[in-house]
Amino acid sequence: MKLKFFLVMLFSAFIMQVQAQYYRVSENKVKCIYSDMDGSITVRATGEGRKKKDAKEHAMKNAVYAVIFKGVSVDGKAYANMAAPLIKEHEAEKKYAESLYPFFQDGGRYLEFVSEEDRRRRSDTKVVKNKVQVMWEFTVRVRRAELLQYLKDEGIVKY
């Protein structure tokens, strides 16, 4: 009886560990592919979701998040000035998390600074597919200059 109980608990712990790894926050890549003179950048961003629509919304959030906190990766030095994060403070993600939670909600204000105007037909790429999540890669334009002005108006960025 004790052996059965032990095996069931061991199996349960294994399943929970696998699920925890499956649902962990992924390292989504955001790569700059074009910089425009109006202060906007076009990026390729990945997003995950149960449907393509959910993955697209997640990719847009990832793109805006990367522009604000992490910066975007660049091939070469042509877009290096646009690749730097808008907030350069140490541990800025923790510091401004509460004030930016409403900003990144589903249907939140981040949508004002992101669009699909540079997206080409059939350019969306399915990266991974499994039973629960699908990962897609999208082309997204982030209005970086307007986003910087918004962050200044909110008192988050002081330069």
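The values are calculated or read from the model by the stated rules, or taken from the named source; none is laboratory data. Model, not experiment: these values are computed from the prediction. With ideal geometry, Cβ positions are generated from the backbone for all residues, glycine too; neighbour counts draw on all protein chains shown.
Looking for whichever is more than 22 Å from VAL134 (Cβ to Cβ), exposed (fewer than 14 other Cβ atoms within 10 Å of the Cβ), under 16 Å from the mean Cα position of the chain (by Cα) and of a type in the set (D, E, K, R) here; the options are GLU112, GLU91, GLU117, GLU98. Which one fits?
GLU112
Please specify each residue of the range 130-159 satisfying the condition of being touching a strand residue (DSSP E or B) at 6+ places or on another chain (Cβ under 8 Å), surrounded by fewer than 19 Cβ atoms within 10 Å (Cβ to Cβ) and either on the phi > 0 side of the Ramachandran plot or modelled with pLDDT under 85 (or both).
Answer for the range 130-159, where residues must be touching a strand residue (DSSP E or B) at 6+ places or on another chain (Cβ under 8 Å), surrounded by fewer than 19 Cβ atoms within 10 Å (Cβ to Cβ) and either on the phi > 0 side of the Ramachandran plot or modelled with pLDDT under 85 (or both): GLN133, VAL134.
Are any of the residues in the range 105-116 more than 12 Å from GLY47 (Cβ to Cβ) and at pLDDT below 85?
Yes, there is a match, as at least one residue in the range 105-116 is more than 12 Å from GLY47 (Cβ to Cβ) and at pLDDT below 85.
Is it the case that the range 78-99 has a residue that's among the basic types (Lys, Arg) and touching a residue at least 12 places away in the same chain (Cβ under 8 Å)?
For the range 78-99, residues among the basic types (Lys, Arg) and touching a residue at least 12 places away in the same chain (Cβ under 8 Å): absent.
Report the residue count in the range 137-149 for those that are assigned to a helix (DSSP H, G or I) and in contact (Cβ under 8 Å) with a residue 40 or more places away in the chain.
5
Quick one: which of ILE33, ILE68 is crowded, with 18+ Cβ neighbours inside 10 Å and at pLDDT 80 or above?
None of the others qualify; the one that does is ILE68.
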